[in-house]
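Trainee: Have a look at the structure that comes next, please.
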């Protein structure tokens with residue numbers, strides 16, 4: 001196991017577990033200027049685009065918190081398992097929602113150069129939409 005990757009992953013985890021929508025500038029400490037960030041709905045390239053993405057994301061929610069339960073490191077790659085708890089005024093009448101996910105991180109030059117999130121968009125978004133949510137939950141239960 002690469003101890004440097006463990007240290008970088010620990011720093012990533014510490015920042016995400018304390019992330020506050022009032023100060024997203026701390027993210028610049030962990031992301032490479034040439035970062036590629038992907039999730040089920042987006043792909044952004046470069047620090048400027050990622051900063052804009054996070055600003056829009058956090059502006060849209062009342063709060064967002066990450067609880068990280070596990071991390072695995074190998075060479076310059078890390079996997080981080082998390083639960084994101086957030087509150088969005090347009091989803092599920094503004095109630096808190098929880099989404100389980102995992103991030104794959106690749107490091108270069110002491111920072112994250114590639115970040116890929118894996119999570120269920122149905123769990124995050126579709127199940128929180130008033131008319132659509134019950135339908136999505138019904139079909140998921142039937143599967």
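Trainee: Within the range 51-72, count every residue that is under 21 Å from residue 120 (Cβ atoms), modelled with pLDDT of 90 or more and part of a helix (DSSP H, G or I).
Mentor: 2
Trainee: All but one of (1) under 11 Å from the mean Cα position of the chain (by Cα); (2) closer than 13 Å to residue 16 by Cβ hold for residue 104; state the number of the condition that does not hold.
Mentor: Every listed condition holds for residue 104 apart from (2).
Trainee: Then there's this: Only residues in the range 97-110 that are on the phi > 0 side of the Ramachandran plot and touching a residue at least 12 places away in the same chain (Cβ under 8 Å) count as the first member; pair them with residues that are part of a strand (DSSP E or B) and surrounded by 14 or more Cβ atoms within 10 Å (Cβ to Cβ), Cβ under 7 angstrom, at least 6 apart or cross-chain, and list the lot.
Mentor: Taking only residues 6 or more apart or on different chains, the pairs are 109/32.
Trainee: Kindly indicate the residue of the range 25-50 that is under 13 Å from the mean Cα position of the chain (by Cα) and part of a helix (DSSP H, G or I) and also farthest from residue 66 (Cα to Cα) among those meeting that condition.
Mentor: That would be 50.
Trainee: Can you tell me which residue within the range 1-30, out of those that are surrounded by 13 or more Cβ atoms within 10 Å (Cβ to Cβ), over 17 Å from residue 106 (Cβ atoms) and touching a strand residue (DSSP E or B) at 6+ places or on another chain (Cβ under 7 Å), is modelled with the highest pLDDT?
Mentor: Checked the range 1-30; the qualifying residue modelled with the highest pLDDT is 19.
The values are calculated or read from the model by the stated rules, or taken from the named source; none is laboratory data. The model shown is predicted, which means the values in this text are computed figures rather than measured ones. No Cβ is skipped: glycine too gets one built from the backbone with ideal geometry, and neighbour counts run over all protein chains shown.
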